[in-house]
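J.: This is the structure I want to talk about, given as structure tokens.
What follows is calculated from the coordinates using simple rules that are stated; it is not laboratory data. Remember, it's a predicted structure, so these values are computed and weren't measured experimentally. All Cβ positions, glycine included, derive from the backbone under ideal geometry; neighbour counts span all protein chains shown.
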Amino acid sequence: MVDMLIGELAERAGTSARTLRYYEEHGLVEAGRDANGYRRYGEGELRVVHEIRALLAAGFGVDDIRPFVACLRAGNSAGHVCPDSVAVLRRRLREVEGLLDQMGAVRDQLRGQLAQAIEEREIRCLRIR
């Protein structure tokens, strides 16, 4: 089961050994140890690392990722199919929707300010003529 060193896993996952050690430090990736202390990883850790990287790229934090990893380790085909993962997805979606609402309000305010600035500029230009 444990069949690749950290450098090989890093290369296959498209990341660095330092990043893998970080994931391991946070309990996301599991490594066995040789007698000489070298980390050895099972083939399944490649899938876990891909899941972690995809979730981080989508804006999830390390703590949010734990249920997805646990779901994969439980033998599921994907990390998002377990109830705890679904709960994280729901919460994160609410957060993103809230941010989108905030950004929409900022956009509307900027549009209004821009329209007002253009209108005032045109009025000033007419007065000068």
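J.: Let me know the Kirkwood hydrodynamic radius for segment 5-65, please, with Cα pairs as the basis and the value in Å to one decimal.
T.: Evaluated on segment 5-65, it is 11.7 Å.
J.: Around ARG40, which amide H atoms from residues at least 5 apart in sequence, or from another chain, sit under 5 Å from its own amide H, with H modelled in the peptide plane?
T.: Answer set, sorted by chain and number: GLY32, ARG33, ASP34.
J.: Of the listed values (i) 24; (ii) 27; (iii) 51, grab the one calculated as percent of Cα pairs over 23 Å apart from the structure here.
T.: (iii)
J.: To continue, here is another question. Using each residue's phi in segment 78-95, evaluate 6.51 cos²θ - 1.76 cosθ + 1.60 at θ = phi - 60° and report the 3J(HN,Hα) Karplus result to the nearest Hz, with x for Gly and Pro.
T.: In residue order, the calculated couplings are 8, x, 9, 8, 8, x, 5, 5, 4, 4, 5, 4, 4, 4, 5, 4, 4, 4 Hz.
J.: Now for a different question. For GLU120 and LEU89 in one chain, what is 0.36 nm times their gap in residues minus the Cα-Cα distance, to one decimal in nm?
T.: Length difference between fully extended and current span is 6.6 nm.
J.: Could you list the chymotrypsin sites (Phe, Trp or Tyr not before Pro) in segment 1-39 that lie in coil according to DSSP, counting only those with at most 11 other Cβ atoms within 10 Å of their Cβ?
T.: none
J.: Which whole-number percent gives the relative contact order of the chain, counting Cα pairs below 8 Å spaced six or more residues apart?
T.: 16
J.: Sort 44-54, 27-37 by packing, meaning the average of other beta carbons within 10 Å per residue, with the highest value first.
T.: 44-54, 27-37
J.: A further question on this structure: Only four residue types carry charge here, +1 at the Cβ of Lys and Arg and -1 at the Cβ of Asp and Glu. Report the dipole size of the chain about the Cα centre in Debye, rounded to the nearest 20.
T.: Here the size comes out at about 560 debye.
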